[in-house]
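Here is the structure we will look at, set down as structure tokens.
The values are calculated or read from the model by the stated rules, or taken from the named source; none is laboratory data. This is a predicted model, so every value here is computed, not measured. So basically every Cβ, Gly included, is an ideal-geometry build from the backbone, and we count neighbours across all protein chains shown. Remember, those area values only see protein heavy atoms, side chains included, never the ligands or the DNA or RNA. Shrake-Rupley method; radii C 1.70, N 1.55, O 1.52, S 1.80 Å.
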Amino acid sequence: MNIYDKLEQLSLTESEKTLIDYVIEHSEDIMNMSASDISKNSYVSVSTIYRIIDKLELSGLQAFKSHIHFDRERYQKELVSVDYNYPFRINNTNHEIMTKMLNLYDQTLHSTLNLVNLDEFGKIVQKMYDANVIALFPSIGNFFMAECFRQNMLEIGKDVIVEKQIFYQTKVAETLKKGDLAIVISYANRTPHVEDFIRVMNKNQVTTVLISSTKESELSKLVDYHLYFASYEDSEEKIASFSSRASLQFLLDCLYACYFNRDYEKNINYRIEHYIELS
């Protein structure tokens, strides 16, 4: 996960905020500074610096400085002005609309990548690889992206369960057991029955992954792993779910691609041998 996105999720004291403002503004200068130099120039204590490092779960000062410096370029790409709820206006030409949509997708994908914890992502791919059964539980608006994921996996010989109706989601959740993997997709974490069947799966020792917005909820505390949508859309006030759907598609495609890469030649050959041309 990009360190700037990680910082936005932390609860910070005033002195910690002062420190962060300073190191962001002086991201190049701090590379050659010691902790005491940063302390002196930012007017905070050395202990504040190391408290932030602990909160970020970094190995030390050098790792902190490197992340601040090298993640800055990716973070700045997200600052380009994009209206995610109303990306185009009534007087825009077709070309202007297409350009604005391109900008929206570009910013969405950069933001999604910045939110990924690569260590956690790698563990999810490993759990997919080891799973006896993979089941997806999408909210209704994300069903078709889940189906695309299932199709990709079927084409390399791995079936995936995808259920969209509450009754069948609940029943499938009850059948899963230790060694299985469940991926729950819920942008706003407000689907009432989801918490219930996640608790059932936890009781049965099912590995659980949540894909949702960055807004923390009870669901976030119940799952083993958490991937994040780019979270700029308003759940209700928008033209369409352009950004969140692109973000989800990117995450699912990346999960599939990294899973595919575990047995690259085998999966290439399987797809070729079992290719079915659909009219």
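Tabulated values for the structure
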read-out	value
Pairs with Cβ under 6 Å, 6+ apart, first in region 1-29 and among the small types (Gly, Ala, Ser), second outside any helix (DSSP H, G or I)	Ser15/Val44
Check on Asn142, modelled with pLDDT of 85 or more and not in a helix (DSSP H, G or I)	no
Candidate set: region 166-195, residues that are assigned to a loop (DSSP other than H, G, I, E, B) and at pLDDT 95 or above; chosen: the one nearest to the chain's Cα centre (by Cα)	Asp180
Meets criteria (open to solvent by 20 Å² or more (accessible area, probe 1.4 Å), touching a helix residue (DSSP H, G or I) at 6+ places or on another chain (Cβ under 9 Å) and part of a loop (DSSP other than H, G, I, E, B)) for Asn132	no
Subset of region 93-112 (residues that are open to solvent by 80 Å² or more (accessible area, probe 1.4 Å), hydrophobic (A, V, I, L, M, F, W, C) and within 19 Å of Phe250 (Cα to Cα))	Leu102
Members of region 218-252 found to be buried (at least 19 other Cβ atoms within 10 Å of the Cβ) and assigned to a loop (DSSP other than H, G, I, E, B), listed by number	Val223, Phe229, Ala230, Ser231, Tyr232, Glu233
Top-ranked residue of region 191-202 - restricted to ones that are open to solvent by 60 Å² or more (accessible area, probe 1.4 Å) and either in contact (Cβ under 8 Å) with a residue 12 or more places away in the chain or of a type in the set (Gly, Ala, Ser) (or both), ranked as farthest from Lys123 (Cα to Cα)	Asp196
Count - residues of region 166-186 that are open to solvent by less than 30 Å² (accessible area, probe 1.4 Å) and not hydrophobic (A, V, I, L, M, F, W, C)	3
Any hit, region 59-81, residues being modelled with pLDDT of 85 or more, closer than 27 Å to Ser243 by Cβ and among the acidic types (Asp, Glu)	no
Answer residue from region 203-215, given it is in contact (Cβ under 8 Å) with a residue 24 or more places away in the chain and open to solvent by 20 Å² or more (accessible area, probe 1.4 Å) and is nearest to the chain's Cα centre (by Cα) among those	Thr214
Some residue of region 147-165 being under 20 Å from Asp5 (Cα atoms), crowded, with 22+ Cβ neighbours inside 10 Å and either of a type in the set (Phe, Trp, Tyr) or modelled with pLDDT of 90 or more (or both)	no
Sole exception among (1) in contact with a Ser or Thr (Cβ under 8 Å, 6 or more places away or on another chain); (2) open to solvent by less than 60 Å² (accessible area, probe 1.4 Å) for Tyr256, by number	(1)
Matching residues, region 35-61, being open to solvent by less than 70 Å² (accessible area, probe 1.4 Å) and either touching a residue at least 12 places away in the same chain (Cβ under 8 Å) or touching a His at 6+ places or on another chain (Cβ under 8 Å) (or both)	Ala35, Ile38, Ser42, Val44, Ser45, Thr48, Ile49, Ile52, Leu56, Leu58, Leu61
